[in-house]
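**Student:** Here you go, one structure.
The values are calculated or read from the model by the stated rules, or taken from the named source; none is laboratory data. Since we're looking at a predicted model, the values are computed, not measured. Reconstructed Cβ throughout: ideal geometry from the backbone, glycine too, with neighbour counts over all protein chains shown.
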Amino acid sequence: MRRRLRKQITIATIFFGILGALGVLIGILIYEPPPPPPPPAPSFAALVVNRAGLLRQDAPDRADLYAVVRNPNANAGLRSIGYTFEVKAGSQTVAQIPGRAYVLPGQEKLLVLLNTAVPPEGTDAAIRFQSPEWVPVDASFRAPSFVPVSRTASVREGNPSTYVVKSVLANESTLDYLRVEVTVLGLDANGTVTGLGQTAIGSLRSGERREFTVSWPLPPGRNVAEVRIVPEVNVFSGAAIQPRPGISGLEPRPTSTPAF
């Protein structure tokens, strides 16, 4: 009787041992480890404000507001970012004027609000930005390439006089653009901004050249020793770009960026 009981216990022990081993094996086979944690979000440097200011027009309550900002991130841009020009009278802010802009990767961006209503007591301006939502771009990204191939400048007499810049812009990119924006700066011998103007070229095909004209008031006492032409296109907007068949990506060739 005892031998029979021991035999039964032995068989049961072996059975449950095998059953347990099978359970462990099945658990190992069907176990799925938890997914790895997502990689940390890339960090991007903040926009750098190189200069900002206010340029009075002939009317006491209107002015041009401008800022030159640099995007230190070659691998990310901004589809749209809100900003505010703070008009200063001494240390006090007397007006806040909002705007929105796109910023390309690695771009030195010129932000301009022309002929804007500004309190007469305002003498300077600063700029601040909302929180940016960076858009990473592929390492092969290249900005559009535009070259001013000729330019002339003249002063049209009047009260006040008008400074007129005419130029021909060449599209050296491999893409056709439906809207190219052009901003022109006038600077005196000290590098101070003395004039600002903007225009838009409706469309500019690859290899095409197109003439444009920009002008601004030139009150007495202001002079222009240097003119800088800054063309750009919003590559984040499908409405601005017309890719050619067989060309992938945005732009395979590098371009030079105007320095301020």
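**Student:** Name, by its number, the condition in (1) surrounded by 19 or more Cβ atoms within 10 Å (Cβ to Cβ); (2) modelled with pLDDT of 95 or more; (3) more than 28 Å from the chain's Cα centre (by Cα) that does not hold for V164.
**Tutor:** (1)
**Student:** Of the residues that sit in segment 171-197 and are in contact (Cβ under 8 Å) with a residue 12 or more places away in the chain and either hydroxyl-bearing (S, T, Y) or in contact with a Cys (Cβ under 7 Å, 6 or more places away or on another chain) (or both), which one is nearest to L54 (Cα to Cα)?
**Tutor:** T194
**Student:** Report yes if some residue within segment 93-111 is touching a Lys or Arg at 6+ places or on another chain (Cβ under 7 Å), among the charged types (D, E, K, R) and over 18 Å from A46 (Cβ atoms); otherwise report no.
**Tutor:** No - not one qualifying residue is present in segment 93-111.
**Student:** Output the number of residues of segment 38-75 satisfying the condition of being more than 21 Å from the chain's Cα centre (by Cα) and either more than 19 Å from Q198 (Cβ to Cβ) or among the polar types (S, T, N, Q) (or both).
**Tutor:** Number of matching residues: 6.
**Student:** Pairs only if they're at least six apart or on different chains, beta carbon under 7 angstrom, first in segment 156-170 and farther than 16 Å from T213 by Cα, second among the hydroxyl-bearing types (S, T, Y) and at pLDDT below 95; list them, first residue then second.
**Tutor:** Sorted first by the residue in segment 156-170, then by its partner, the list stays empty.
**Student:** Does at least one position in segment 130-137 carry a residue that is touching a Lys or Arg at 6+ places or on another chain (Cβ under 9 Å) and more than 29 Å from A239 (Cβ to Cβ)?
**Tutor:** no
**Student:** Still on this model: When the residues of segment 186-210 are narrowed to those that are of a type in the set (S, T, Y) and in a loop (DSSP other than H, G, I, E, B), which ends up modelled with the highest pLDDT?
**Tutor:** Restricting to residues being of a type in the set (S, T, Y) and in a loop (DSSP other than H, G, I, E, B), the top hit is T192.
**Student:** Next question. Given the criteria touching a residue at least 24 places away in the same chain (Cβ under 8 Å) and of a type in the set (G, A, S), does A95 qualify?
**Tutor:** yes
**Student:** Being closer than 21 Å to P42 by Cα and either surrounded by 19 or more Cβ atoms within 10 Å (Cβ to Cβ) or in the same structural domain as P60 (by TED's automatic domain parsing) (or both), is that true of even one residue in segment 146-153?
**Tutor:** Within segment 146-153 (the criterion being closer than 21 Å to P42 by Cα and either surrounded by 19 or more Cβ atoms within 10 Å (Cβ to Cβ) or in the same structural domain as P60 (by TED's automatic domain parsing) (or both)), the answer is no, since none of the residues qualifies.
**Student:** Let me spell it out: the conditions are (1) farther than 24 Å from V135 by Cβ; (2) touching a helix residue (DSSP H, G or I) at 6+ places or on another chain (Cβ under 9 Å), and L178 meets all of them except one. Which number is the exception?
**Tutor:** Status for L178: all satisfied but (1).
**Student:** Can you tell me which residues in segment 157-177 are touching a Ser or Thr at 6+ places or on another chain (Cβ under 6 Å), in a strand (DSSP E or B) and among the β-branched types (V, I, T)?
**Tutor:** Residues satisfying the conditions are T162, V164, V168.
**Student:** Okay, next question. Restricting to segment 107-141, count the residues that are outside any strand (DSSP E or B) and surrounded by 18 or more Cβ atoms within 10 Å (Cβ to Cβ).
**Tutor:** Number of matching residues: 6.
**Student:** Separate question: Pick out the one residue from T183, T213 that is buried (at least 18 other Cβ atoms within 10 Å of the Cβ), in the same structural domain as V235 (by TED's automatic domain parsing) and at pLDDT 95 or above.
**Tutor:** Within the list T183, T213, the selection yields T183.
**Student:** Which pairs turn up if I take residues in segment 222-238 that are under 19 Å from L78 (Cβ atoms) and look for partners that are in a strand (DSSP E or B) and charged (D, E, K, R) with beta carbon separation below 6 Å, at least 6 apart in sequence or on another chain?
**Tutor:** Listed by first residue and then by second, the contacts come to E232/E181; F236/R79.
**Student:** If you go through segment 186-210 one residue at a time, how many are surrounded by 15 or more Cβ atoms within 10 Å (Cβ to Cβ), hydroxyl-bearing (S, T, Y) and over 28 Å from V235 (Cα atoms)?
**Tutor:** 1
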